[in-house]
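Peer 1: The structure under discussion is supplied below as structure tokens; questions concerning it will follow.
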Protein chains: 2
Amino acid sequence: MRLIQSKSIADQVEELLRGRIREGLYAPGSRMPSESELSDEMGVSRATVRTVLAKLAVNGLILRKQGDGTYVNAMMQKVSANLGNVWDFSYLIESNGFAPSIQPVVTESRIATEKEALALALEPGEKLLSLIRLFYADTRPVILARNVIPLSLVCVPIEQIDGRLHIRDILQNYCKKEIAFVITDIHSARAGADVAATLSKQPNDTILELEVSFFSDDSTPLVLGSNYFDDAVLRLSLVQAWT
Amino acid sequence: MRLIQSKSIADQVEELLRGRIREGLYAPGSRMPSESELSDEMGVSRATVRTVLAKLAVNGLILRKQGDGTYVNAMMQKVSANLGNVWDFSYLIESNGFAPSIQPVVTESRIATEKEALALALEPGEKLLSLIRLFYADTRPVILARNVIPLSLVCVPIEQIDGRLHIRDILQNYCKKEIAFVITDIHSARAGADVAATLSKQPNDTILELEVSFFSDDSTPLVLGSNYFDDAVLRLSLVQAWT
DNA sequence: TAGTGGTCTAGACCACTTG
DNA sequence: AAGTGGTCTAGACCACTAC
């Protein structure tokens, strides 16, 4: 196997194995080569192969049986997300079988509400960047994403901000910040008048509300988000390995 | 450090570190000892310490900074679950600040519906074990859990089944089966008449519906569950490390 | 019994942050 | 420059499963 040194060895092994599974070279339900065979074939240590296989197992892609072997999970076609990619709405829409697109609705600065100031650890009256975006599945609006970022973190004029980027990239490009961890509250809710209108729902329909906080590695809150998710159209479907 | 050989070394290290964090010996936000210090102190290899720290990091308990150190995450008090324990409803209720208890409502065998037969890969007309349980937070009913298991899997008389056990233990004790992975669909829903009555909700209130399938390591469906979750009382709050 | 995955070790080197 | 976490290796031994 040829390894190009730009990525880590483990990442390259992961990509290779994901590719072989995706393309059916390792067929659903079948047994994969053993750890030793893989490490021999790729010229890497068994430990490296094992870290990759462990990651794939957590994501539900493979099933490992001690004393037997490693099997490709045949159920993965049913699933739209694992916890590694829940916040990639475009990916979510795509794996539900639609073509994703993003429409920025509002990009403005304004004064933080009391609740926002509290959650973001801001002084009362401080300003923040408000981003409202609409995600489409094909031509149908399915997710309304409202995010706020303390304006003090933003280091470019707001006119330069590309509202179609992933929150991760917005923080990277415009704030020079990396996300360390995320806290998500999942609620059921009734579509308010404005949300209902935007998502083409009846004002009394139920939707999923995903309240998210992104934090940096010093536990500073970076972003506060309210995401309204039309779960009548889009399935939020998670896999997890059972320890 | 004394290691008792009944558990794996890694598990013991994990328990020790979780304890020190829980009891504030490693204070929230503070820097923990380095990997080398820990491996010296406990007499285990650095690799073993690292696998434990990696697990704690994924669960959001600690934050790791290359070139700097490992820090205790101060935000963990706000969170009720990580993906390792979402299906431990008792734990969920407890970490929301309530005393959990379980009330078995129905334990019976019946013919599978068409939808159930499909999901569980059963022949039409096959029987299954139906378990309905009610979880209380203090004295308030908060989760209605309806689970069905193919009767062919159950190897004890249904009178012997203890309806207060975790699904994991029910499968282990009465079916000799282990759960390999789980697929969960999260929906918002309106409380139907029966669910509303059981959970003391108005018939039009919104609730969370968690549709769950548990699978064995050969991808056989073991359990199908519909869990109605009163998210007005109980917060479903997840942490996740950001890759 | 042979082969699989699970656990653990000891040590090397690298990338990064802080003082 | 010193110390931290990140990556990787080579090899040992164990627990388990299938044949």
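The values are calculated or read from the model by the stated rules, or taken from the named source; none is laboratory data. Computed from a predicted model, the values in this text were never measured in an experiment. FYI the Cβ positions are ideal-geometry reconstructions off the backbone, even for glycines, and counts take in every protein chain you see. For accessibility, only protein heavy atoms count, side chains too; no ligands or nucleic acids. Shrake-Rupley method; radii C 1.70, N 1.55, O 1.52, S 1.80 Å.
Peer 1: Scan chain B for the residue whose Cβ is closest to the axis carrying it onto chain A, then write down that distance in whole angstrom.
Peer 2: Closest Cβ to the B-to-A rotation axis, residue and whole-Å distance: B:188, 2.
Peer 1: What total accessible area, in Å², is buried where chains B and A meet, using a 1.4 Å probe and rounding to the nearest 100?
Peer 2: Working: alone 13640 and 13650 Å², together 23220 Å².
Separately minus together, B and A give about 4100 Å² buried.
Peer 1: Ok, one more. Compute accessible area for the stretch A:54-73 by itself and then with all protein chains, 1.4 Å probe, and report residues whose area falls by 10 Å² or more.
Peer 2: SASA drop of 10 Å² or more in the stretch A:54-73: A:63, A:65, A:73.
Peer 1: Just to confirm the numbers: residue B:156, label point 7 angstrom along the Cα-Cβ line, distances to the other copies in nm, shortest first?
Peer 2: Going from nearest to farthest copy, the values are 6.2 nm.
Peer 1: Convert each backbone phi in the stretch B:155-168 into a coupling constant with the Karplus relation 6.51 cos²θ - 1.76 cosθ + 1.60 (shift: θ = phi - 60°), then list the ³J(HN,Hα) values in order as whole Hz, x for Gly and Pro.
Peer 2: For the stretch B:155-168, the Karplus curve yields 10, 9, x, 5, 5, 7, 7, 8, x, 9, 7, 5, 3, 3 Hz.
Peer 1: Hey, another quick one. Karplus couplings for the stretch B:190-197 from phi (6.51 cos²θ - 1.76 cosθ + 1.60, θ = phi - 60°), rounded to Hz, Gly and Pro as x?
Peer 2: 8, 5, x, 4, 5, 4, 4, 4
Peer 1: Tilt of helix B:9-22 relative to the longest C-alpha principal axis of chain B, in degrees (0 to 90, nearest 10)?
Peer 2: Here the helix axis deviates by roughly 90 degrees.
Peer 1: What ³J(HN,Hα) values, in whole Hz, does the Karplus curve 6.51 cos²θ - 1.76 cosθ + 1.60 give for the stretch A:110-118 when θ = phi - 60°, with x put for Gly and Pro?
Peer 2: Going residue by residue, I get 7, 6, 6, 6, 4, 5, 5, 4, 5 Hz, with x marking Gly and Pro.
Peer 1: Where the accessible area of the protein assembly as shown is counted over protein heavy atoms with a 1.4 Å probe, how much of it, in %, is carbon and sulfur?
Peer 2: Working: 11720 of 23220 Å².
C and S fraction of accessible area: 50 percent.
Peer 1: Something else now. Distance cut-off 30 Å, Cα to Cα: go down the list A:55/B:115; B:7/B:177; A:115/A:176 and report the pairs above it. Let's see the in-between values first.
Peer 2: Values: A:55/B:115 33 Å; B:7/B:177 22 Å; A:115/A:176 25 Å.
Too far apart for the 30 Å limit: A:55/B:115.
Peer 1: Nm distances between the label at residue B:108 and the same-position labels in the remaining copies, 7 Å along Cα→Cβ, shortest first?
Peer 2: Inter-copy label distances (nm, one decimal, shortest first): 5.8.
Peer 1: Tell me, which longest segment in chain B has none of the trypsin sites (Lys or Arg not before Pro) that fall in DSSP loops with at most 11 further Cβ atoms within 10 Å? Could the numbers behind the result be given before it?
Peer 2: Details: sites that count: B:2, B:176.
Between exposed loop sites, the widest span is B:3-175.
Peer 1: A further question on this structure: Distances from residue B:178 to the same position in the other copies: list them in nm, one decimal, shortest first, using label points 7 Å from Cα along Cα→Cβ.
Peer 2: Going from nearest to farthest copy, the values are 3.6 nm.
Peer 1: Shielding by partners for B:181-194, please: the mean number of other protein chain Cβ atoms within 10 Å of each residue's Cβ. Spell out each step's value before the answer.
Peer 2: Details: counts 15, 6, 9, 7, 8, 11, 7, 16, 3, 5, 1, 0, 0, 0.
That works out to 6 on average.
Peer 1: If you don't mind, another one. Can you list residues from other chains, or at least 5 along the same chain, whose modelled amide H is less than 5 Å from the amide H of residue B:32?
Peer 2: B:70, B:71, B:72
Peer 1: Classify the protein assembly as shown: rounded, prolate or oblate, from the alpha-carbon gyration tensor (a ≥ b ≥ c, eigenvalue square roots; a/c under 1.5 rounded; otherwise prolate if a/b is larger than b/c)?
Peer 2: Working: a/c = 1.36, a/b = 1.06, b/c = 1.28.
Here the protein assembly as shown falls in the rounded category.
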